[in-house]
Structures are given as structure tokens and as C-alpha cells.
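Input: a single structure, listed below in C-alpha cells.
The values are calculated or read from the model by the stated rules, or taken from the named source; none is laboratory data. Here the structure is a predicted model, which means the values were calculated and not measured. Virtual Cβ from ideal backbone geometry, glycine too; neighbours counted across all protein chains shown. Note: accessible area is taken over every heavy atom of the protein model, side chains too, but ligands, DNA and RNA are not part of it. Shrake-Rupley method; radii C 1.70, N 1.55, O 1.52, S 1.80 Å.
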Amino acid sequence: MRVLIVEDEPFLAEAVRDGLRLEAIAADIAGDGDTALELLGVNAYDIAVLDRDIPGLSGDEIARRIVASGSGMPILMLTAADRLDDKASGFELGADDYLTKPFELQELALRLRALDRRRAHSRPPVREIAGLRLDPFRREVYRDGRYVALTRKQFAVLEVLVAAEGGIVSAEELLERAWDENADPFTNAVRITVSALRKRLGEPWIIATVPGVGYRIDRTDRTDAPPGPGRERSGRG
């Protein structure tokens, strides 16, 4: 399990991180909302532990963005606010659990494991198409057996394209499903992200552009494509 701890008190954050590591739970720290958003964009986390009162983007705003992303990442609110209305507003934002300060580290670890088990029971299926293997739960992508590191946005775009099973997905639909509601409909973010995604996946290009319509996964059979690690080429001497 890998978690992101969003906490602006350095000593508390480091103590939690070190304690969780002893419980075999990997943890990264973000001391403010902007750093948290940056880490969420480049790393795959199983759970986010959010302090609501942090510098920069608030914990509440981070929670909103996690929910809007559609990742299904569980959120545990970690805060000194212990009134019932505070807890209610946290759950309304999309929090899955709420732990007030001060707290016992063991209780935090137990709650994290419970959230992880709950998430595991609703894991989305692994999808495979044209040599791509996409695992939405682990947020991992392999092409011909080779691991491909993607940013969160690149993964979101690829997930939509793979789910279409070779069908065409318009730029408008990608913008609607992989970005938030504040995205500029006239932005070139989709084109830039698809271009970067193609490069990450490598040649031969697997994402085809349908001029004036959108994008799709090219399902052309590439029997001459080089095999990835652990895979053997078949039908050749």
C-alpha cells in the first residue's frame, strides 16, 4: 500500500510516515495543497490522508479534485476539527473515513488497511488491447510486457481510449472525462497529452488520429513487433 500524507506540521507528518513504514505502508509527504496536487499527478497512491487546514489549496479542495478525477482513491480526513458538523462536511466532500487529532498511529494503520481492503473488493478489471495491458487499480500500463511510466493525466486519457476498445473517442469526450469541469473547451491540452502519451508508449504508434473526429487505439495486428520482457516471439525460427 502507498499513501499520500498531506500535513503541514513537519514533525507530525514525518512521525506518521516513519510509523507507517514500520507497518509496511509506504508513505509520501506533502506539506501544502499545491505539492499534494503535484504528487497526485505523477504518482499512483492507494489512499490520501488529508489535513483539511493546510497552506495553498485546502484539504477540502484536494478532496474535491480526487473525487472529480474518478480514480476512486479513498480519502481519510485527518484533522483537529472534531465537531459533528465538521465531520459531516468532510464526508459530504467525499471522505471515506475521518480521524481526529490527537490519534494513535496504530489506529490510523488499521483504518488505512480497512480502506484498502474495501477498495480491493471493487477493483476494476484489467484491460488488454493491441499489446497494451492497463490495470486501473494499480494504475500500471505495460506494452508488449514492458512497463510504461505515465503521468496521471496520460493514464486517464489512455484509460478512456482503451475502454472504447478501438472505437473513436472525440477530443471533447476526452476533455470531459479526463479533465475537470473547469477545463477550457478550446484548450489544446488533449492534443498535447495524446502526443506525449504516444511518445511514452513508443513506436510503432498505437494511438491513431482520425482527422476531424478524434482518437482511437489502433488494433492492427503487429506480429513483427519486438516482444517485451518475459514474452517470446512465436511463429518465428
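Between Ala15 and Val126, take the C-beta separation as r, use R0 = 41 Å, and let me know the FRET efficiency to the nearest 0.05.
0.65
Over all alpha-carbon pairs of the stretch 1-154, lay out the pair-distance distribution in 5 Å bins, whole %, shortest bin first.
That works out to 2, 9, 18, 22, 20, 14, 7, 5, 2, 1, 0, in percent per bin.
Pop out the carbon and sulfur fraction of the accessible area of the chain as a percent, whole number, probe 1.4 Å.
Heavy-atom surface of the chain belonging to carbon and sulfur, 1.4 Å probe: 48 percent.
At a Förster distance of 30 Å, what's the computed FRET efficiency of Arg146 paired with Glu176, Cβ-Cβ distance as r, to 0.05?
Given R0 = 30 Å and the Cβ-Cβ separation, E is 0.50.
Please enumerate, by chain and number, the lysines with C-alpha under 22 Å from the C-alpha of Lys199, excluding those fewer than 8 residues away in the same chain.
Qualifying lysines at Cα under 22 Å: Lys153.
Can you give the % of DSSP beta bridges in the chain that are antiparallel, to the nearest 5?
Counting only bridges with both partners in the chain, antiparallel ones make up about 50 percent.
For Lys87, list the lysines whose Cα falls under 26 Å from its own Cα; do not include residues on the same chain fewer than 8 positions away.
Answer for Lys87, where 26 Å is the Cα cut-off: Lys101, listed by chain and number.
At q = 0.16, 0.19 Å⁻¹, what is the base-10 log of I(q)/I(0) for the stretch 35-118 according to the Debye formula with one equal point scatterer per Cα and no solvent? Please give it to two decimals.
Ignoring solvent entirely, the Cα scatterers give -0.59, -0.84.
Take the Cβ-Cβ distance between Ala164 and Asp86 as r, set R0 to 41 Å, and report the resulting FRET efficiency rounded to the nearest 0.05.
Computed FRET efficiency for Ala164 and Asp86: 0.50.
Between Thr187 and Glu203, how many nm apart are label points set 7 Å from Cα along the C-beta direction?
Reported label-point gap for Thr187 and Glu203 is 3.1 nm.
Where is the GNM fluctuation largest for the chain (alpha-carbon springs, 10 angstrom cutoff): Pro125, Pro55, Pro211?
Of Pro125, Pro55, Pro211, the most mobile in the Gaussian network model is Pro211.
D for the stretch 92-171, whole µm²/s, Stokes-Einstein with Kirkwood Rh over alpha-carbon pairs at 25 °C and 0.890 mPa s: what number?
160
Shape verdict for the stretch 1-51, please, from the Cα gyration tensor: rounded (a/c under 1.5), prolate (a/b greater than b/c) or oblate.
oblate
Assigning unit charges at the beta carbon (Lys, Arg +1; Asp, Glu -1) and nothing else, what dipole magnitude in debye, to the nearest 20, does the stretch 1-128 show about its Cα centre?
Here the stretch 1-128 has a charge dipole of around 700 debye.
In the chain, with Lys and Arg counted as +1 and Asp and Glu as -1 at Cβ, which of these residues, Gly56, Gly166, Leu197, has the Cα nearest the positive end of the dipole, that is, farthest along it?
It is Gly166, whose Cα lies furthest towards the positive end.
Can you give the charge dipole size of the chain about its Cα centre, rounded to the nearest 20 debye, using +1 on the beta carbon of Lys and Arg and -1 on the beta carbon of Asp and Glu?
1440
In square angstrom, what is the accessible area per residue of the chain with a 1.4 angstrom probe?
55
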